[in-house]
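Scroll down for the structure; my scribbles are underneath it.
FYI, it's all coordinate maths here, none of it is from the lab. This is a predicted model, so every value here is computed, not measured. No Cβ is skipped: glycine too gets one built from the backbone with ideal geometry, and neighbour counts run over all protein chains shown.
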Amino acid sequence: MTKPLIAAAVIGALPAAPASAREIDRAEIAEDFAEGVASERKVYCSDTSVMTLADGTEYRACVNWRAQVRTRLVRVYAALDGPEEDADANIDKARDCFDIAVASQNDPYRKTFDQDAFLAGARQHFAACAANTALQKPDQYRLKVYDRGVWLGGS
């Protein structure tokens, strides 16, 4: 993944959505290991049982050991923001154009993610689709990219 990931980078060719915009659609577009964050590893007892030893004393012993590894990932999303109110048919057109824009840039064989290249290509495809489908109020829709960190593995 090309670093650094910039949260909420906006596709520049489309004007900014109005302040009352809402997220219309979202798609995960990349995932990578978080840089500089070590995996967490631990071994712990997940279940115990009380045993009576040969001398008659009771002893709580572990009867189920677990090893756990957690890894920090960064997931990158493309999102489509649009007006608070719009006709359902127009929102459906915008979602279809968003799907086309995302698909046009989601090469399943890529080894790295270049956010700038993704945004440039998606911008072109969204604008072309909006024109081809006669999307109403295209200036009230915008594409953005943001990322979120997540832990994968045990709790």
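Structure above, values below:
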read-out	value
Prolate/oblate/rounded label for the chain (Cα gyration tensor, a/c 1.5)	prolate
On Cα atoms only, tilt of 115-132 relative to the major axis of the chain in degrees	50
Between helix 88-105 and the chain: long-axis angle, C-alpha atoms, 0 to 90°, nearest 10	70
Zone of SER39's modelled label, taken as backbone nitrogen in region 64-83 under 18 Å from a point 7 Å along Cα→Cβ	66-75
Pairwise FRET efficiency - THR57 versus TRP151, Cβ, R0 = 41 Å, nearest 0.05	0.50
Test item: Cα-centred dipole of the chain, Lys/Arg +1 and Asp/Glu -1 on Cβ, debye	480
The chain, relative contact order [Cα under 8 Å, separation at least 6], %	40
Inter-part distance where region 92-155 and region 21-38 are each reduced to a Cα centre, Å	12
Efficiency of FRET from Cβ geometry, ASP114 and ASP139, R₀ 35 Å, rounded to 0.05	0.85
